[in-house]
Amino acid sequence: MNKSYAYAVVAALLSLAIGACYVGDVFFDYGFLGPEIGSEGETVQLWGYVSIGLSIVLLAAVICAMNAKLKWTNYVLLGILFLLCFIQLPPVFLWLFVMLLGEWGAGVSVLLHCLVLVAMIGSVRAMRRALVVS
């Protein structure tokens, strides 16, 4: 398994775990919403399901790309990585905003989403180098 696939698998597994935490309402604290707590439920769960779905698709794409050895499978993999990266941005910015409001506990949430982004960026960089060489 080359470096780009390893990073993609790590990103997919992290994103899958974070999505499961959002769907199961585990780990993330919305106490900063005060009396509005509970209003975020449907949106957060939808985000979690999308994250889980894209993570599973990414894992399947990695398996296909490793077995196919065709250049176009890497482009499909890149597209899925960009989608997964794109959906990580709203939670990062929202948790950063919450953190700036004084809820420093949101820093852990920012860190988790940023870990996924770092793994994705590592995968994209390694894949770009591999595609340029081939």
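The values are calculated or read from the model by the stated rules, or taken from the named source; none is laboratory data. Model, not experiment: these values are computed from the prediction. Cβ sites come from the backbone with ideal geometry, for glycine too, and all protein chains shown count toward neighbours. When the accessible area is computed, the model is the full protein with side chains, heavy atoms only, and any ligands, DNA or RNA have been set aside. Shrake-Rupley method; radii C 1.70, N 1.55, O 1.52, S 1.80 Å.
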Looking at (1) modelled with pLDDT of 70 or more; (2) open to solvent by 30 Å² or more (accessible area, probe 1.4 Å), can you tell me which one Ala61 breaks? (2)
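Please find, within segment 96-106, the residue that is nearest to Ala8 (Cα to Cα) out of those that are in contact with a helix residue (DSSP H, G or I) (Cβ under 6 Å, 6 or more places away or on another chain), open to solvent by 20 Å² or more (accessible area, probe 1.4 Å) and in a helix (DSSP H, G or I).
Leu96
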For Tyr75, state whether it is touching a helix residue (DSSP H, G or I) at 6+ places or on another chain (Cβ under 9 Å), exposed (fewer than 15 other Cβ atoms within 10 Å of the Cβ), in a helix (DSSP H, G or I) and at pLDDT 85 or above. no
Which pairs have Cβ atoms under 6 Å, sit 6 or more apart or on different chains, and link a residue in segment 4-22 that is within 13 Å of Leu117 (Cα to Cα) to one that is hydroxyl-bearing (Ser, Thr, Tyr) and outside any helix (DSSP H, G or I)? none
For Phe86, all conditions in the list (1) over 17 Å from Leu14 (Cα atoms); (2) at pLDDT 85 or above hold save one; what is the number of the exception? (1)
